[in-house]
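Here the structure is laid out as structure tokens; the discussion comes afterwards.
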Amino acid sequence: LFRMLVYLSAPYSSVPDKDHLYQSVMRTSGLYMIRNQGARVVSPLFCVPALPLVPEMGSDYNFWGDYSRELLQKCEKVIVLKYSGWNESTGVKDEIATALAANIPVEYLELSDYQQ
């Protein structure tokens, strides 16, 4: 079975409703893997539940940037969840630029296509 590691990018710092964002990220990840057999979705956003437990980690891209770029560069594809503010997000812009510089394909996902 073909397996592909896929990095999910979405805004975080500027999003007011973190719970809705997290639910959207998890739903999109699950549905993407079901719709694309063999895809394994990864994202720093999966760490969101740990943030209140370890506030020293920080929640902005200054803290998560290096982690995000390192994880992304191990992936074969990047999917960008077009969540509100995605096109203005410093982190999303950097992740897209990192992917393109490494010749990693970028796919843009409409949030509405991953809501049930």
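How many of the residues making up region 37-76 are within 11 Å of the chain's Cα centre (by Cα), at pLDDT 95 or above and of a type in the set (A, V, I, L, M, F, W, C)?
Result for region 37-76: 4.
Here's the yes/no breakdown for (1) touching a residue at least 60 places away in the same chain (Cβ under 8 Å); (2) of a type in the set (S, T, N, Q):
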{"site": "17", "(1), (2)": "no, no"}
{"site": "25", "(1), (2)": "no, no"}
{"site": "37", "(1), (2)": "no, yes"}
{"site": "53", "(1), (2)": "no, no"}
{"site": "57", "(1), (2)": "no, no"}
{"site": "66", "(1), (2)": "no, no"}
{"site": "72", "(1), (2)": "yes, no"}
{"site": "110", "(1), (2)": "no, no"}
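Hey, could you check region 1-18 for residues that are surrounded by 20 or more Cβ atoms within 10 Å (Cβ to Cβ) and of a type outside the set (Val, Ile, Thr) and say which is nearest to residue 60 (Cα to Cα)?
For region 1-18, the residue satisfying everything is 12.
Just checking, which of 71, 109, 21, 31 is assigned to a strand (DSSP E or B) and surrounded by 12 or more Cβ atoms within 10 Å (Cβ to Cβ)?
109
Filtering region 74-106 down to residues that are loosely packed, with under 13 Cβ neighbours inside 10 Å and aliphatic (A, V, I, L, M), which residue is nearest to residue 20 (Cα to Cα)?
Per the stated criteria, the residue is 97.
For region 74-108, which positions are touching a residue at least 40 places away in the same chain (Cβ under 8 Å) and among the acidic types (Asp, Glu)?
76, 88, 95
Can you spot a residue in region 1-14 that is in a helix (DSSP H, G or I) and either closer than 23 Å to residue 114 by Cα or among the charged types (D, E, K, R) (or both)?
No, there is no match, as no residue in region 1-14 is in a helix (DSSP H, G or I) and either closer than 23 Å to residue 114 by Cα or among the charged types (D, E, K, R) (or both).
The values are calculated or read from the model by the stated rules, or taken from the named source; none is laboratory data. Please read these numbers as outputs of a predicted model, since none were measured by experiment. Here the Cβ is made from the backbone with ideal geometry for all residues, glycine too, and neighbour counts use every protein chain on show.
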